[in-house]
1. List 250, 285, 212 from most exposed to least, where exposure is judged by having the fewest other Cβ atoms within 10 Å.
2. Based on the alpha carbons, how large is the Rg to Rh ratio for region 172-289 when Rh follows Kirkwood?
3. So for 236, 67, fewest C-beta neighbours within 10 Å to most, what's the order?
4. How much length, in nm to one decimal, is gained on full extension between residue 209 and residue 263, taken as 0.36 nm per residue of separation minus their Cα-Cα distance?
5. Please give the length that would be gained between residue 23 and residue 279 if that part of the chain were fully extended, namely 0.36 nm times their separation in residues minus their C-alpha to C-alpha distance (nm, one decimal).
Amino acid sequence: MRTPLSSLVAALTLALCASLVLVYFNARHKGIAIRMGAGGRPALTPPPPAAPPPEALVPPVTNEQLHARLQAETSQLGIRRFVARGERTDDEPRSEGFLGRRLGRPETRAQAETAIREISRLRRSVDADKKKPVPLSGKVVPVLSEPQAGGAAVEAEPAAPAPRPAAPSAPKQTSSAGYWTGLYGGAEEGTLTISDAKAWQSLWARLSRDPVPDVDFARRQVVGVFLGPRPTGGFHVEISTQVTPLPAAVVVRYETTAPAQGHTPPEGGTAPSALRAIEKTSLPVRFEKGR
């Protein structure tokens with residue numbers, strides 16, 4: 001006959017066995033191994049980690065396929081070709097110089113220099129006209145000096161105007177016939193000989209607006225000396241009246257002068273020149289500077 005205590009023990013034993021059975025099947029279902037450890041105690045062994053999935057294999061690509069892909073990408077991006085560093089391209093604008101492609105030619109530079117010289121001559125002519133004194137009408141207001149000791153103010157004499165440098169002029173006839181000098185010889189520099197009326201008219205038109213002097217080129221010719229541009233006034237050139245004929249040439253002598261040291265020359269650039277008509281000769285003309 002069972003007692004209540006034995007019935008309770010039997011029930012607990014049955015419940016414990018049922019629990020162990022559930023644990024065992026649950027572990028088997030999850031891959032957990034149950035083994036007997038030290039001391040006869042069960043030990044749970046976790047399942048091994050799952051192996052990673054195998055990586056997807058990339059199929060091999062040939063050089064031709066890579067080149068085709070590169071061509072397709074460059075076409076989509078609008079790239080015509082790749083340029084190495086320092087390499088010039090045909091469509092790159094080339095340097096045409098400071099004056100440009102057309103103005104860089106020798107003949108065009110010569111035309112530009114001629115135009116610059118002509119503009120310089122016109123500018124000097126305009127500056128010369130600006131330096132001419134302009135008379136003022138009306139009375140001059142008297143200037144009063146400082147009061148004297150007695151307190152009276154006396155009228156001071158009008159101050160004398162400062163001396164003005166002589167305005168540059170075009171070549172003019174001097175005391176001797178057939179001789180012309182001027183302070184503005186344009187852009188001409190050096191010596192020259194004129195033996196016909198056409199060249200004489202062309203030269204005079206560049207030097208002056210006055211009528212062209214008459215020269216009988218059947219019996220005479222014109223020699224000239226041009227000093228070229230000078231920074232100030234005070235420079236002069238003079239052709240001697242003595243012409244020395246030699247067996248092989250005709251010698252024309254000339255002298256030049258410069259501003260004296262310690263003397264302030266007139267302001268404004270000049271270009272002194274001198275022209276003289278001499279007897280015509282078939283011999284070449286040789287110029288000699290006196291000093």
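1. Working: 250 21, 285 17, 212 13.
In increasing order of surrounding Cβ atoms, one gets 212, 285, 250.
2. 0.98
3. Numbers: 236 18, 67 10.
By the 10 Å Cβ count, ascending: 67, 236.
4. Between residue 209 and residue 263, full extension yields 16.2 nm more.
5. Numbers: separation 256, 0.36 × 256 = 92.16 nm, distance 14.67 nm.
Difference between extended and current length: 77.5 nm.
We did not get these values from a lab; they are worked out from the coordinates using the rules stated. Keep in mind that this is a model prediction, so the values were computed, not measured. Don't worry about glycine lacking a Cβ; one is built from the backbone with ideal geometry, like all the others, and counts go over all protein chains shown.
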